[in-house]
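Comments concern the structure below.
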Amino acid sequence: GAVVSQHPSWVICKSGTSVKIECRSLDFQATTMFWYRQFPKQSLMLMATSNEGSKATYEQGVEKDKFLINHASLTLSTLTVTSAHPEDSSFYICSTKPRGTFAGELFFGEGSRLTVL
Amino acid sequence: GQQVMQIPQYQHVQEGEDFTTYCNSSTTLSNIQWYKQRPGGHPVFLIQLVKSGEVKKQKRLTFQFGEAKKNSSLHITATQTTDVGTYFCAESQGAQKLVFGQGTRLTINP
């Protein structure tokens, strides 16, 4: 089945540094990727929609200058948490589905657990 | 935007007991998807329901979509320890965007 790979699985960084998370679709092309954030024991909250070759669409309340999204190819989207602070510590998960499909399941990456000290 | 409300937030059962989680919306849902997230893991797709009154089964799991397409349920018969995790309902909004319910965390006493 379709596989979405996310890297790194976990990262610990100092406050003020930037962290980049990669999301790759391994066996299909994805024009759209979704980035979710999940705090402990809470639901998944959509942060932004990443579109290949164009600007990402951010959900209300998500700072686009803090969470930089780049979708330069049909198989790779990156999320950069800039100047990370402890409150940004969370589980970040990407998801997507094969290009051209409309309905049906989303495939999720394994997630990246960020801890900001 | 539209939200789906999911209850209960937590459920603890003895192994072998049944389990049900419910999702409700104040407006008509275009479809409903169900996902399972194991502790420390990522969501995994279980099923999608589209039709009014639809019922689908996967072994011990039964999924229902209400006649008015405003509610859905997931029922697990005779739970096993492998059923532990958080179950989320989600609605597709637009082309591919998913909006998740709050999730129901299931824990099981062996």
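Annotations
- Output for the stretch B:1-53, where each listed residue is surrounded by 18 or more Cβ atoms within 10 Å (Cβ to Cβ), under 15 Å from B:Gln102 (Cβ atoms) and among the hydrophobic types (A, V, I, L, M, F, W, C): B:Val4, B:Cys23, B:Ile32, B:Trp34
- Residue within the stretch A:35-54 that is touching a helix residue (DSSP H, G or I) at 6+ places or on another chain (Cβ under 6 Å) and crowded, with 18+ Cβ neighbours inside 10 Å present: no
- Scope the stretch A:71-95; condition closer than 30 Å to A:Phe28 by Cβ, polar (S, T, N, Q) and over 10 Å from the mean Cα position of the chain (by Cα); matching residues: A:Ser73, A:Thr75, A:Thr82, A:Ser90
- The set of residues from the stretch B:51-72 being within 14 Å of the chain's Cα centre (by Cα) and among the aliphatic types (A, V, I, L, M) comprises B:Val55, B:Leu61.
- Consider the stretch A:33-91 and keep the residues that are without any contact (Cβ under 8 Å) to a residue 12 or more places away in the chain and among the basic types (Lys, Arg). The one that is nearest to the other protein chains (Cβ to nearest Cβ) is A:Lys41.
- Being at pLDDT 95 or above and more than 12 Å from the chain's Cα centre (by Cα) is not true of A:Ser54.
- Test: A:Glu110 is of a type in the set (Asp, Glu), out of contact with any Gly (no Cβ under 8 Å at 6 or more places or on another chain) and within 14 Å of chain B (Cβ to nearest Cβ): no
- One residue stands out in the stretch A:59-92 among those that are part of a strand (DSSP E or B), among the hydrophobic types (A, V, I, L, M, F, W, C) and over 14 Å from A:Gly16 (Cβ atoms): the one that is modelled with the lowest pLDDT, namely A:Ala72.
- Residue in the stretch A:62-84 that is surrounded by 13 or more Cβ atoms within 10 Å (Cβ to Cβ) and either touching a Pro at 6+ places or on another chain (Cβ under 7 Å) or under 19 Å from B:Ser92 (Cβ atoms) (or both) present: no
- When the residues of the stretch B:51-104 are filtered to those that are touching a His at 6+ places or on another chain (Cβ under 9 Å) and among the polar types (S, T, N, Q), the one that is nearest to A:Glu59 (Cα to Cα) is B:Gln64.
- Check on A:Ser95, within 14 Å of another protein chain (Cβ to nearest Cβ) and either over 18 Å from A:Leu46 (Cβ atoms) or outside any loop (DSSP other than H, G, I, E, B) (or both): yes
The values are calculated or read from the model by the stated rules, or taken from the named source; none is laboratory data. These numbers were taken from a predicted model, which means no experiment stands behind them. When we count neighbours, we look across all protein chains shown, and the Cβ atoms used for this are built from the backbone with ideal geometry, even at glycine.
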